[in-house]
Amino acid sequence: MSTPVAGFTAFIAGLIIALLAVIGGVKAVAGGQNAAAKSDTVVSYDVK
Amino acid sequence: MTTGRASARLRAAAPHLLGLLLPLLVLGPALGRGVVLSYDLAWSPDPRWTPVALGLSTPAPRAVPSDAVGILLGHVVGAGPAQALLLWGVLVLAATGAVRLSRLLRADLPWWAACAVVVAAVWNPFVLERLVVGQWTALLGYAVVPHLLVLARRVRVGEARGSAGLMAAVACSGVGGANSLVLAVLAVGPVLLLPRPAWRPLAGVVAAALGVAGAWAVPALVASPPSSAVGAAAFAPRPDTPLGTVLSLVAGGGFWNPATHPAERGSVLLAGVALVVVVLSLGTAARALARLDGLRLLAPAALGLALAVLAVLDPAGLWTGIVTSVPGGGVLRDAQKLVAPLVVLAASGVGVLVAGLRRPGGAAARVGGGALATVVALVPVLTLPSLAWGVGGRLTAVEVPADLRAAATLLSAAPEGGVGLLPWSQYRRYAWNGNRVSLSLVPRMVDQRVLADDALPLRSGRVPGEDPAAARVGRALAAGVDPLVALRREGVRYVLVERRVAPPAPDVVPPAGSRVLADTADALVLDLTPGAAPVQRVTPVASVVGWALTALTLLAALGVLARTGIRAARRLPEEHRGSVTRW
């Protein structure tokens, strides 16, 4: 594999690995989305 | 072909490839079958020339001409693919622009540094927060900023033949409406004004901006709807990190709506690391610009940040006064978008920064500069992982129920009479959209004037809308008047009650003399006055004049761009024979 191809592949692989690693951590601390749901009497624009 | 030349071509292609692929990783499920509905992103699955798309539904048109662009594209490729194409294309445009600007900062930018620029341009809080809230037009503005900075500089330093290309680019930037045009003007204006005004190109750019703005600006100025001071305060930037509002803005976040803020921005560590890289990148970019001649290219970023901070501080009500009292000031109400040039500059500066870290013989290179450069290049991703895959699924394409689409088609084909929309609320949680918050789809699906609540419900209260008829209905409902009676008083002939939504649909009993046109799981459609004569739809003169201005400006701009493209294509075989194409 030529150097640029190897470099680009390594870069993409690094991106994906980094993502997967950190997503796990953030999911652990982030609350579930759309927690409020069908029972809303008003749907505010500034809620998840 | 020699191995060396093939290798050079691969290196040159790497940022292109990443610029095409990374937006796919960002959007993920948003590119699936159906349409994405998220906050302001309400996209009809059936492209239709509705009053909303034409800017006839409210005194100050909102989605003009951006919705028209989506509809035009939708007629060609289908509504869902059109939306996907626009979202993806905007991010690709941002990536190409940032690399273009970074090559201005450093002409010999290595391919891997250009890849870092792509990452920083596509992967940042500005992109995330605007994607979640569905404002692709603000992202279009963000994406055109670097291209316009480069073009404006060319005009200033005499590299361009005239300013027709710049004028055309500004005009095309205006297809996103006020959001994108404001950012285009912010990018170009200071560059043409400083240190001494270049009057001729400046006049051309102003003419292009005014022309393309016609479709929304002319009706808005004629109607002059009141702008609420409550809105000015509600839309001021807000911290999305523990570092405070100003540093949140510098780091590319600070959008006013906390529902868009990603969880990881709440971490001092992650937000701090992201901020440090942004500040270093900005410093690097500023140094490169100082060497180049172009400190004036810093002006849009500085001015944008200053205005956003002014919106936060609002000294003596100055910002509120500008937004509510100056004609057209309302387009500045959501001031966080003005940091777009700063975000662009930081993304472009990342390239120069990592290139410096890996410079052979440099101080950083001796202490593991390569590894450090890689980490810095990946910081945007590491500190904002939730942007991946449709912002962790918050942006997911869904199929709009067939019965709701059929109801919209039925009403669009019915004699003109106006449609009252219930539940009386602008925003919905559709069960079939995963209960995500979005605008009601109906005004964008039905080719009739739709009377709907246009007030903005916030946790802190309601920001009043602009439609007096809607305000009267809202007051009547608050006083306990039956919804059908309140709507009928405003002259609507039809009522569409959306079901399987929050807030829940009111219990509507078809009154005597009315006719049920559809009664399905997702929609109840009533004709309150069957057999009544169709109402004549009136198109205000201001809208006709405005659209004519916009259309003529865009046609002229496309003509200029086509001519430039043809000339460039003719020159290409001679200039690039044997050379490697680069961004």
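Values in this text are rule-based calculations from the coordinates and carry no lab data. None of the values given here were measured: they were computed from a predicted structure. All Cβ positions, even for glycine, are placed from backbone atoms using ideal geometry, and neighbour counts span all protein chains on display.
One table, with the values for the structure above:
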item: Extension gain from residue B:287 to residue B:541, taking 0.36 nm per residue of separation minus the Cα-Cα distance; result: 86.3 nm
item: Length gained when the stretch residue B:489-residue B:13 is fully extended (0.36 nm per residue, less Cα-Cα span); result: 165.1 nm
item: Structure-based [θ]222 nm, the protein assembly as shown - -39500 (n - 2.57) summed over DSSP H runs of at least 4, per residue, nearest 500; result: -18500 deg cm²/dmol
item: In the range B:1-105, trypsin sites (Lys or Arg not before Pro) in a DSSP loop with at most 12 other beta-carbon atoms within 10 Å; result: B:33
item: Kirkwood Rh, Cα atoms: Rg over Rh of chain B; result: 0.99
item: Peptide ranges B:491-502, B:73-84 listed from the most packed, as the mean C-beta count within 10 angstrom indicates; result: B:491-502, B:73-84
item: Förster-model FRET efficiency, 35 Å R0, residue B:508 and residue B:314, C-beta, rounded to 0.05; result: 0.20
item: The range B:416-462: trypsin sites (Lys or Arg not before Pro) in DSSP loop, at most 12 other beta carbons within 10 Å; result: B:459
item: Stretch gain in nm, segment residue B:21-residue B:246, where the contour uses 0.36 nm per residue and the Cα spacing is subtracted; result: 77.8 nm
item: Relative contact order (percent, whole number), chain B, Cα cutoff 8 Å, 6+ residue spacing; result: 21
item: Whole-Hz couplings from phi, Karplus 6.51/-1.76/1.60, listed for the range B:230-237; x for Gly and Pro; result: 4, x, 4, 6, 5, 8, 6, x
item: Packing-based ranking, highest mean first, of B:208-214, B:301-307 given that Cβ atoms within 10 Å are counted; result: B:208-214, B:301-307
item: Whole-number Å³ per residue for the convex hull built on Cα positions in the protein assembly as shown; result: 158
